[in-house]
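The values are calculated or read from the model by the stated rules, or taken from the named source; none is laboratory data. As the structure is a computational prediction, the values presented were derived from the model and not from experiment. All Cβ positions, even for glycine, are placed from backbone atoms using ideal geometry, and neighbour counts span all protein chains on display.
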Amino acid sequence: MYKLIAIDLDGTMLNSYGEVDSKTKEIVRKCISNGTHIVLASGRPIDSIKSIAKEMGIEGYFIAGNGALVYDIKEDNIIYENYMKKEKVLEIIKICEENSIAYNVYTDKTILTPSLKFNVLYYYKENLKKEEDKKTNISIVENVYEYIKNMNEETFLKITICDENSSIFSSIIKKVKEISGIDVLEVSHMSRKIIKQGTEEIPVEYFYTEITASDVDKWNAIEFLMKKLNIDVQEVMTIGDNMNDKKMIEHAGLGVAMKGSTPEVIRVAKYVTDTNDNAGVAQALEEYAL
């Protein structure tokens, strides 16, 4: 029996419209009723994940910021953290601003952004369908550099960098990688999401990467939970689709990749399930967890 199942959100549990299908909700609740710890493991900030966890009936823990923190839902507090240092955040912002490339800074409470583009535009459109207490908190800030420079709190989970042009994107990543004390996620393919606008479906496509403090990884956060809950690695199942899921898929007792995942993730997975638009998570849980 798998006692802990960590599941990615975007591209995995959520379909292309940012929704969890009814079949997946039903199967997740069955797993929880059997005593399994279902842990959402996402790059999103706290409030965004918390609303999805509530919708799924998950009352234990979730992982935010790609492993930058672990949140205890029942106790309503952070129990593990590995934040980015402010000076590193400012250094990355300076590079992005000088090269006119889109970026967003994720804190534990909000997403700071100079404009609604790419992934943040998708979250914004997602918010329009949600109740107020379930929305992802987005703060549009005219001068993000100065705003962060004057912040007292330093709860920076990650920075995302996005661009539609492959060569521009690659040149910025090369510059960012020269900064010490950070990890830059290796993502080589375009992200594709769909925004519904009336009867029209608008694809949002872009190259992106995610930057965190060194040693931030979903698997490190899962290992923290394994020790806390006294769970062995062979009792852990993980499901994901992207490079920020690779380590947890590679090291878990059973690592599952979504159909259409980045090739590196499929290579290390023990099993490949269906796509996120065809209830792939539900299929994997039914086959291996129930």
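Every residue, every condition in (1) in a helix (DSSP H, G or I); (2) surrounded by 15 or more Cβ atoms within 10 Å (Cβ to Cβ); (3) within 16 Å of the chain's Cα centre (by Cα), yes or no:
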| residue | (1), (2), (3) |
| --- | --- |
| Val216 | no, yes, yes |
| Asn220 | yes, yes, yes |
| Met237 | no, yes, no |
| Gly255 | no, yes, no |
| Glu286 | yes, yes, no |
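Conditions (1) more than 24 Å from Ala41 (Cβ to Cβ); (2) surrounded by fewer than 20 Cβ atoms within 10 Å (Cβ to Cβ); (3) of a type outside the set (Asp, Glu), marked per residue:
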site	(1), (2), (3)
Glu126	no, no, no
Glu132	yes, yes, no
Asn143	yes, yes, yes
Lys149	yes, yes, yes
Lys158	no, no, yes
Ser171	yes, yes, yes
Lys193	no, no, yes
Glu201	yes, yes, no
Glu210	no, no, no
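On inspection, Thr136 passes the criterion of being modelled with pLDDT under 95, surrounded by 15 or more Cβ atoms within 10 Å (Cβ to Cβ), in a loop (DSSP other than H, G, I, E, B) and in the same structural domain as Ile195 (by TED's automatic domain parsing).
Please enumerate the residues belonging to region 59-97 that are out of contact with any helix residue (DSSP H, G or I) (no Cβ under 8 Å at 6 or more places or on another chain), closer than 18 Å to Ile182 by Cβ and either surrounded by fewer than 17 Cβ atoms within 10 Å (Cβ to Cβ) or charged (D, E, K, R) (or both). The answer is Glu81, Lys85, Glu87, Lys88, Glu91. Taking the criterion of being without any contact (Cβ under 8 Å) to a residue 40 or more places away in the chain, among the acidic types (Asp, Glu) and in a loop (DSSP other than H, G, I, E, B), the only residue of region 146-199 that qualifies is Glu178. Do we have Ser51 as among the polar types (S, T, N, Q) and without any contact (Cβ under 8 Å) to a residue 60 or more places away in the chain here? Spelling it out, it is not the case that Ser51 is among the polar types (S, T, N, Q) and without any contact (Cβ under 8 Å) to a residue 60 or more places away in the chain. If you go through region 248-265 and keep only what is out of contact with any Gly (no Cβ under 9 Å at 6 or more places or on another chain) and at pLDDT 95 or above, you end up with Glu250, His251, Ala252, Gly253, Leu254. Taking region 257-284, which residues are in contact (Cβ under 8 Å) with a residue 40 or more places away in the chain, in a helix (DSSP H, G or I) and of a type in the set (Val, Ile, Thr)? Result: Val281, single match. Just a yes or no: is a residue in region 159-176 at pLDDT 95 or above and either in contact with a strand residue (DSSP E or B) (Cβ under 9 Å, 6 or more places away or on another chain) or of a type outside the set (Val, Ile, Thr) (or both)? Scanning region 159-176, I find at least one residue that is at pLDDT 95 or above and either in contact with a strand residue (DSSP E or B) (Cβ under 9 Å, 6 or more places away or on another chain) or of a type outside the set (Val, Ile, Thr) (or both), so the answer is yes.
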